[in-house]
Amino acid sequence: MSKKTIESVVMASFIGEIEAFKPGNVSSYADGHNMTAEDFLISAEVATPLLCEKNRSLGVRILNCVKATKKSVSCNTNLGMLLLFTPIIMAAELGFESIEKLKKNLEITLTSLTKNDANQVFEAIFIAKPGGLGKTEEQDVTNKPDCSLLYAMKLASDRDSVALQYSNNFSEVFKLGFPAIKHFDKRWNSVKWSTVSCYLTFMASIKDSHIERKYGSEIAEQIKIKSGIIVEKFNNSIDPETSVELLRGFDRELKARNYNPGTSADLTAASLLVYSLINQESI
């Protein structure tokens, strides 16, 4: 797959994520958390070419993107997506003809990560300042790491679902997100609405780690349970367009309490990227 094609798919995935109505999160349907859909689109425009700079290391790509994003929109719109997109992009650059080959390439990419990658990613996280990060006893991002990025991610995997993807070869993306988009795109013939289903599936299946870090496990569990009710109603729609008010009500409920399922949105974007890459390769 050519650099130009990968870049096009990456940009389309950024746009697809923001165009999907994601209750509690920013989308073209609703701003929130002092951020707008336009902030995300600008971020996508500045990040995409930097993410796809072939022969650059993962750490360099992510750090360059975070710096460019901060300069362009002055807020953290995309750290989680950058952390998830970059290894997928690098796996795609190795060439693949099937989802299994993409998974294998991803494993090669992740196990090849270095201490330099950890240094650069820690710096990127420090610059982006994601909400509710807190402090850890081992390999805290405010300190210089003394291990590979993969090892650092494994240490954080019990409290962060983005880090968990590094340690389990993106298991949730391939087993939850990708199948949801594939199934509902076939049913509804709409990537946009199947992306919404993917997002709600993550919210209903995994306690959102961004919410859990900021508000605790009990609140995260309550939102997970409520999301299960919402996703069942949404997925039973013959026409998902008729569920906009259901989504709007849930969106208002979450944002009234400042709950932002940001990790679910990041996992959704990564799932959309994988789906789009596989679809592009099969054309």
Query - Separation of the residue 31 and residue 126 label points, Cα + 7 Å toward Cβ, nm - result: 3.2 nm
Report summary line: Here the relative contact order (percent) of the chain, from C-alpha pairs under 8 Å and at least 6 apart, is 24 percent
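Sorted by mean Cβ packing within 10 Å, highest first, what order do the peptides 263-269, 152-158 take?
263-269, 152-158
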Report summary line: With the dipole of the chain defined by +1 on each Lys or Arg Cβ and -1 on each Asp or Glu Cβ, the option from 263, 156, 28 whose Cα lies farthest towards the positive pole is 156
Query raised in the report: From Cα coordinates alone, what are the radius of gyration and Dmax values for region 24-154 in angstrom?
Result: 15.4, 43
**Report entry** Cβ-placed point charges (K, R +1; D, E -1), dipole of the chain about Cα centre in debye, nearest 20
**Finding:** 200 debye
Report task. Could you pull out every whole DSSP H run in the chain that spans at least 27 Å of Cα extent along its own axis and averages -1.0 or higher on the Kyte-Doolittle scale? Result -> 262-282
Report task. Using per-residue counts of other Cβ atoms within 10 Å, averaged over each peptide, order 193-206, 104-117, 230-243 from highest down. Result -> 193-206, 104-117, 230-243
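Each value in this text was obtained by applying a stated rule to the coordinates, not by laboratory testing. Because the structure is predicted, anything quoted here is derived from the model rather than measured. Don't worry about glycine lacking a Cβ; one is built from the backbone with ideal geometry, like all the others, and counts go over all protein chains shown.
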